[in-house]
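The values are calculated or read from the model by the stated rules, or taken from the named source; none is laboratory data. If you're wondering where the values come from, they're calculated on a predicted model, not measured in any experiment. Don't worry about glycine lacking a Cβ; one is built from the backbone with ideal geometry, like all the others, and counts go over all protein chains shown.
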Amino acid sequence: MAEFTLPRFTGFTGFSGFNSRDRAAAIVPERSVTGRTLVLLIAIMTFLMGVTLGGVVLVQKSAIAWSSDVGREVTIQIRPVQGEVMESNLRTAVALAQATPGVAGARALTLEESEKLLEPWLGSGLDLSAIDIPRLVVVELADPAEADIAKLERDLAAVKGASLDTHAAWRQQLNVMAGTIVASGLLVLALIVIATVLAIIFATRGTMSSNREIVDVLHFIGASNSFIAGEFQGRFLTIGFRGGIIGGIGALVFFFLIGFTAGAMVPQEAGQQLGILFGRFALGWDGMFGILAVVPVIAAVTAITSRLTVRRFLQTTS
Amino acid sequence: MIEFSNVGLRYGQGPEILRDLDFRIEPGSFHFLTGPSGSGKTSLLRLLLLSLRPTRGRVTLFGKDTSSLDNDQMLQMRRHIGIVFQEFRLLDHLTTLENVALPLRVLGEPESSYRANVTELLDWVGLGERLDALPAVLSGGEKQRAAIARAVIARPDILLADEPTGNVDPELSLRLLRLFAELNRTGTTIILATHELALLDSFPFPRMVLTDGQIEFHG
């Protein structure tokens, strides 16, 4: 410091860069942001969002599959009527069904099959030959949308004791139930997002207060609010991604384990029946993609929320 | 360059800290700002740095009435003003080079474009061997030289210094003052707040003396 001739900033220094950092350090130090706690919090929130989203996808898929299966069949029920010959009515009903546009096939259940359907209610080993029981004709539809159900219903009026069950009430109830679960899931997702945003706002405010010195120095040297907000946003974006990835992977592992455990615990035959009734615990590619899509969304929510909070903080303090 | 017209300042409902300030400072001048502790030196510097607005009167900088500036315009103007604090205010996690380069980073300049200039300036203030040192391992004098380098790296038109020699020994104080004098010779307007009489007597620059919130010019 013996010489006092202001440099002309020629650019020549002879500086080799040894021992210096490869890149300039971040203006907002990593450790000064409430990092670990926030990463954990975002990981938990992402996990909850992933599990909720996955649950919604599973329910929706099962409802669609079940509704579709049920919708591909209608049933003709023929009640015993005095003076009518059941077998003859069954053949007529089958013929009418087969003649209906959009019907792929129709088959009358045998007496044994009909009796077997009553077993859950009446018990097995009973002799039902003395009782006249209603008989069923199962009608498979080629295309539920194209099938002329109204015509079949009109034609069946000619068969005494015949009625048509399109399972519409079941399907409606199933759709209402599935819709309620999906809507509840979406509400839970919205609440999780709101809770996450609130937690990030509190964390950002805390971070701003503990980094007040950095903010002041940046202001004194002419940094704009958007520059300062950008520096903090970068930190929070990293935190959002870290937490999001941890939570997202956790949710995927959760569904994998649930699917694996359910497959291992329930016998294969029963598992298939349960799968038909309640759907399988398999998310599919779309479900997995949905859970993974939560990660950038939560990171973006974290970054945007922190940026807005920082800007608001700076506007009130500068 | 700097003009105060009937300026007064008070904090909240308290008494006026600064009263009836009327003065003009020409570009390229060097002024000492002195007065007893609590006389309002730091408040006056904060008015000049635009981190405070006067409660009355008008402050004009670079020909513009500062009361009419919006936030962005104020930040733009602040980039023409350098500030050196008594307590240095270096960022602890940044190296000397990174601290000094901060105003250029804020301006959006890439590191490759300013690294050479920052290194050259640090050589000039005698910190050429301390580029990668963190503030925690710098002595008081080194920290103050780094703070001065940070204040001048973006070539401000005005340099404000608030007790820049308050934490260094008398010999280093004189050397730092010579540094400010050299900066002034290159055209930078300097206002240096100090209450060290020995320093005031060592340099022939005019003095702004604050007493009870009012200012008098000497020399």
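Among the residues of the stretch B:49-73, just one is assigned to a helix (DSSP H, G or I) and under 20 Å from A:Glu213 (Cα atoms), namely B:Asn71. Looking across the stretch B:65-78, just one residue is surrounded by 13 or more Cβ atoms within 10 Å (Cβ to Cβ) and more than 14 Å from every other protein chain (Cβ to nearest Cβ), and that is B:Thr66. Consider the stretch B:88-115 and keep the residues that are at pLDDT below 90 and among the small types (Gly, Ala, Ser). The one that is farthest from the chain's Cα centre (by Cα) is B:Ser112.
With respect to the conditions (1) in contact with a Lys or Arg (Cβ under 8 Å, 6 or more places away or on another chain); (2) surrounded by 14 or more Cβ atoms within 10 Å (Cβ to Cβ), A:Glu213 lacks only one, and its number is (2). The residues on offer are B:Phe88, B:Phe30, B:Phe4, B:Phe23, and the sole one that is surrounded by fewer than 18 Cβ atoms within 10 Å (Cβ to Cβ), aromatic (Phe, Trp, Tyr) and out of contact with any Ser or Thr (no Cβ under 7 Å at 6 or more places or on another chain) is B:Phe23. Evaluate the following for A:Gly275: is it within 14 Å of chain B (Cβ to nearest Cβ) and at pLDDT below 90? It is false that A:Gly275 is within 14 Å of chain B (Cβ to nearest Cβ) and at pLDDT below 90. Only one of the numbered conditions (1) at pLDDT 75 or above; (2) of a type in the set (Val, Ile, Thr); (3) outside the structural domain of A:Arg135 (by TED's automatic domain parsing) is violated by A:Thr92, and that is (3).
Exactly one residue out of A:Ile249, A:Ile221, A:Ile245, A:Ile239 is surrounded by 16 or more Cβ atoms within 10 Å (Cβ to Cβ), without any contact (Cβ under 8 Å) to a residue 12 or more places away in the chain and away from chain B (no Cβ under 14 Å), and it is A:Ile249.
Selection within the stretch B:166-219: residues that are modelled with pLDDT under 85 and part of a loop (DSSP other than H, G, I, E, B). The member of this set that is nearest to B:Phe62 (Cα to Cα) is B:Gly219. Being assigned to a loop (DSSP other than H, G, I, E, B) and modelled with pLDDT of 90 or more is a description that applies to B:Gly28. Within the stretch B:154-191, being among the β-branched types (Val, Ile, Thr) and without any contact (Cβ under 8 Å) to a residue 60 or more places away in the chain holds for B:Thr165, B:Val168, B:Thr186.
Checking the condition crowded, with 16+ Cβ neighbours inside 10 Å, modelled with pLDDT under 85 and within 46 Å of the chain's Cα centre (by Cα), which residue from A:Ser62, A:Ser68 passes?
Selected residue: A:Ser62, the only one of A:Ser62, A:Ser68 that is crowded, with 16+ Cβ neighbours inside 10 Å, modelled with pLDDT under 85 and within 46 Å of the chain's Cα centre (by Cα).
Has the stretch B:120-128 got at least one residue that is touching a helix residue (DSSP H, G or I) at 6+ places or on another chain (Cβ under 8 Å), assigned to a helix (DSSP H, G or I), touching a residue at least 24 places away in the same chain (Cβ under 8 Å) and surrounded by 22 or more Cβ atoms within 10 Å (Cβ to Cβ)? The answer is yes, given that some residue of the stretch B:120-128 is touching a helix residue (DSSP H, G or I) at 6+ places or on another chain (Cβ under 8 Å), assigned to a helix (DSSP H, G or I), touching a residue at least 24 places away in the same chain (Cβ under 8 Å) and surrounded by 22 or more Cβ atoms within 10 Å (Cβ to Cβ). Scanning the stretch A:162-210 for residues that are over 24 Å from A:Val57 (Cα atoms), surrounded by fewer than 17 Cβ atoms within 10 Å (Cβ to Cβ), in contact (Cβ under 8 Å) with a residue 40 or more places away in the chain and of a type in the set (Gly, Ala, Ser) returns A:Ser163, A:Gly206, A:Ser210.
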